[in-house]
Structures are given as C-alpha cells and as structure tokens.
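Enquirer: Right, I'll just put the structure down here and ask away after.
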Amino acid sequence: GDSVTQMEGPVTLSEEAFLTINCTYTATGYPSLFWYVQYPGEGLQLLLKATKADDKGSNKGFEATYRKETTSFHLEKGSVQVSDSAVYFCALSPYSNQAGTALIFGKGTTLSVSS
Amino acid sequence: NAGVTQTPKFRVLKTGQSMTLLCAQDMNHEYMYWYRQDPGMGLRLIHYSVGEGTTAKGEVPDGYNVSRLKKQNFLLGLESAAPSQTSVYFCASEGEGSSYNEQFFGPGTRLTVL
C-alpha cells in the first residue's frame, strides 16, 4: 500500500542554519503531497502542499518540490528560527483532487532550534 | 470562525469505562476524520465520514465507534476503554473544490486509560 518515510529525528540546529527534512513516498497512483507542522501542545497545521509532479509548495520560508522521478518531497528552509521548533509531518493523499480520502502520514520529525 | 474544535482537551479513564469525544467544525465541510497519534507512529486513521449519516472504518477501528448525525459534528466513542487506547486523538475535516485533500485539524484530546 501507499506509504511515507521521513527522516528520523530529532534534528537540532542553531538559529539561521539551513534545514532539510527528507521525505520519500510510495504510491500506486498520482498522490498529492503535504507537509504539516505541529507546534507543542497544538494540532497539526498545513504548512505547504503540491498536487502534481514538479510542483513546488512554499509557505513561511519553507519549500518542498514534488519529485516524481525520485518519489521525494523534501522540506527545506534557508534560515531557521527558534519559532520553527516543532514536529514536521510529511503526508500524502493517494488521489489528487478527490476529497474524502484519508491522509497517510510519516512518523514525524522533531526540529529543535536554539538561539 | 472557530474551525475545528474538540471536547474535552484532556481525560483520564479507568479500564472498562466509556466516553465520547466530540468534534465540531463550522466550515460546512463534508468530510471528517478521527486519527490517533502515538509516539513514533505518526497519525493513524480510526474512522472517517464522507457525509452526514455515513461512517467508515480506517486503519485502526477496533474498540471505537463513531456517529455523524449532524454534518458539523463527528463523535468518537470508546465503549470499554483499554490502556492501549491511551493516545492523543485528533479530529480533522476536509472540504471540496480548491481545498481538496487539505485537512484541517482540531487541537486534540489527550486520553489516558489507567
């Protein structure tokens, strides 16, 4: 079945460092891909998404490009801040533009940024 | 506009007790989901609903029941709680059109079963 694999954490960085969190997926169809962020004590918030190959999602300085050839959707940010400390989840929806399909999540990567 | 709300935020149960978790959304979304989040496991789907009056099983449905009597509400029930159901429970809703596949999450309910 479809699945998502993301790098194990925790990831510990200093402020202004470059961030990469790797995410790869397995899917039989044409999925949509997402990054969600969970701040301490809160629910998940959508960070960015991409619905087809070569799409780049971006938000709040974070970016991820949907790479069909490598089945990847790595999250990047050029300069992290302490306020970026959170758990990041990569997820896929097996069928783009078809509502009512549950998301498949990776296990999450904890990011800790120190000043 | 509150988005997705969940009640209660925290609960401690004894083994064998029952309880109902309430999820409410004010976005007129058709689709609603219940997930559980366990350390190192990500989120796993318990049950979901594609519309008022409909429910379906997800990946880990055993020990849970759900109901969607009103479009805006999705209830998750535990009839006889077990320690294995200690988890954080998240509800999510999803609309159609431009927000296809975008799920909006509630703040979660942290449940401990002793």
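The values are calculated or read from the model by the stated rules, or taken from the named source; none is laboratory data. This is a predicted model, so every value here is computed, not measured. Counting neighbours? That spans all protein chains shown, and the Cβs are built from the backbone with ideal geometry, glycine included. Accessible surface areas use protein heavy atoms only, side chains included; no ligands, DNA or RNA. Shrake-Rupley method; radii C 1.70, N 1.55, O 1.52, S 1.80 Å.
Enquirer: Ignoring ligands, DNA and RNA, how much accessible area is buried between chains B and A, both sides summed, with a 1.4 Å probe, to the nearest 100 Å²?
Expert: 1600
Enquirer: Using the Karplus curve 6.51 cos²θ - 1.76 cosθ + 1.60 with θ = phi - 60°, what ³J(HN,Hα) values do you get for each residue of segment A:55-68, in whole Hz, with x for Gly and Pro?
Expert: These are the phi-based 3J(HN,Hα) values: 5, 10, x, 8, 5, 6, x, 8, 9, 8, 10, 6, 10, 6 Hz.
Enquirer: Next question, about the same structure. If the cut-off is 13 Å between C-alpha atoms, which aspartates and glutamates fall inside it for residue A:77, apart from same-chain ones fewer than 8 positions away?
Expert: Cross-link targets: A:15, A:16, A:63.
Enquirer: Another question, then. Please compute the net charge surrounding residue A:7, taking Lys and Arg as +1 and Asp and Glu as -1 over other residues with Cβ under 13 Å from its Cβ.
Expert: Within the 13 Å Cβ shell, the charges total -1.
Enquirer: Here's something else I'd like to know. May I ask you to compute the full-extension gain from residue A:76 to residue A:110, defined as 0.36 nm times their residue separation minus their alpha-carbon distance, rounded to one decimal in nm?
Expert: 10.8 nm
Enquirer: Now, a different point. I'd like the carbon and sulfur percentage of the solvent accessible area for chain B, probe radius 1.4 Å, heavy atoms only, ligands and nucleic acids excluded.
Expert: C and S atoms contribute 52 percent here.
Enquirer: Leaving ligands, DNA and RNA out of it, work out the accessible area of residue B:69 with a 1.4 Å probe and give it in Å² to the nearest 10.
Expert: Here the accessible area works out near 150 Å².
Enquirer: So if we plug the beta-carbon distance of residue B:7 and residue B:62 into 1/(1 + (r/R0)^6) with R0 = 25 Å, what FRET efficiency do we get, rounded to 0.05?
Expert: 0.60
Enquirer: Where only protein heavy atoms count, and the probe is 1.4 Å, what is the accessible area per residue for the protein assembly as shown in Å²?
Expert: On a per-residue basis, 47 Å².
Enquirer: Ok, one more. Which one, B:4, B:19, B:53, is farthest towards the positive end of the dipole of segment B:1-57 when Lys and Arg carry +1 and Asp and Glu -1 on their Cβ?
Expert: B:19
Enquirer: Also, I was wondering about something else. How do B:50, A:37, B:60 rank by accessible surface area computed with a 1.4 Å probe, from largest to smallest?
Expert: Sorted by accessible area, descending: B:50, B:60, A:37.
Enquirer: Another question about this same structure. For residue B:58, enumerate residues with amide H under 5 Å from its amide H, sequence gap 5+ or separate chain, H modeled in the peptide plane.
Expert: B:47, B:48
Enquirer: Please get the size of the charge dipole for the protein assembly as shown, origin at its Cα centre, with Cβ charges of +1 on Lys and Arg and -1 on Asp and Glu, quoted in debye to the nearest 20.
Expert: 520
Enquirer: Provide the FRET efficiency to the nearest 0.05 for the residue B:50-residue B:22 pair, computing r from the beta carbons and using R0 = 22 Å.
Expert: 0.70
Enquirer: Continuing with the same structure: Peptide B:35-44: average number of partner chain Cβ atoms within 10 Å per residue?
Expert: Across the residues of B:35-44, the mean count of other-chain Cβ atoms within 10 Å is 5.
Enquirer: Using a 7 Å offset from Cα along Cα-Cβ at residue B:71, what residues in segment B:1-34 end up with backbone N under 13 Å from the label point?
Expert: B:25-32, by backbone N distance to the label point.
Enquirer: Given the protein chains as shown and a 1.4 Å probe, how many square angstrom of residue A:114 are accessible, to the nearest 10?
Expert: 50
Enquirer: Further, regarding this structure: Under 26 Å Cα-Cα from residue B:9, which lysines qualify once same-chain neighbours fewer than 8 residues away are excluded?
Expert: A:107, B:57, B:70, B:71
Enquirer: ³J(HN,Hα) across segment A:7-12 via Karplus (A = 6.51, B = -1.76, C = 1.60, θ = phi - 60°), whole Hz, x for Gly/Pro?
Expert: Here the 3J(HN,Hα) series is 5, 6, x, x, 9, 10 Hz.
Enquirer: Rounded to the nearest percent, how much of the accessible area of chain A (1.4 Å probe, protein heavy atoms only) is carbon and sulfur?
Expert: Result for chain A: 47 percent of the exposed heavy-atom area is carbon or sulfur.
Enquirer: Below 16 Å, Cα to Cα, which lysines can residue A:68 reach? Residues fewer than 8 away in the same chain don't count.
Expert: A:49, A:52, A:56
Enquirer: Quick one: give the max-minus-min coordinate of the C-alpha atoms of chain A along each principal axis, largest first, in Å.
Expert: So the three principal-axis extents are 42, 28, 22 Å.
Enquirer: Round to a whole angstrom and tell me the spacing of the C-alpha centers of segment B:51-114 and segment A:31-60.
Expert: About 21 Å separates the Cα centre of segment B:51-114 from the one of segment A:31-60.
Enquirer: Using the Karplus curve 6.51 cos²θ - 1.76 cosθ + 1.60 with θ = phi - 60°, what ³J(HN,Hα) values do you get for each residue of segment A:46-51, in whole Hz, with x for Gly and Pro?
Expert: Values per residue, Gly and Pro as x: 5, 9, 6, 8, 8, 10 Hz.
Enquirer: Per-residue accessible area for residue B:44 at 1.4 Å probe radius, Å² rounded to 10?
Expert: For residue B:44, solvent-accessible area is about 50 Å².
Enquirer: Still on this structure, please answer the following. Hey, what's the Cα Rg ratio for the protein assembly as shown versus the globular rule of thumb, 2.2 N^0.38 Å?
Expert: Ratio of Rg to 2.2 N^0.38 Å for the protein assembly as shown: 1.01.
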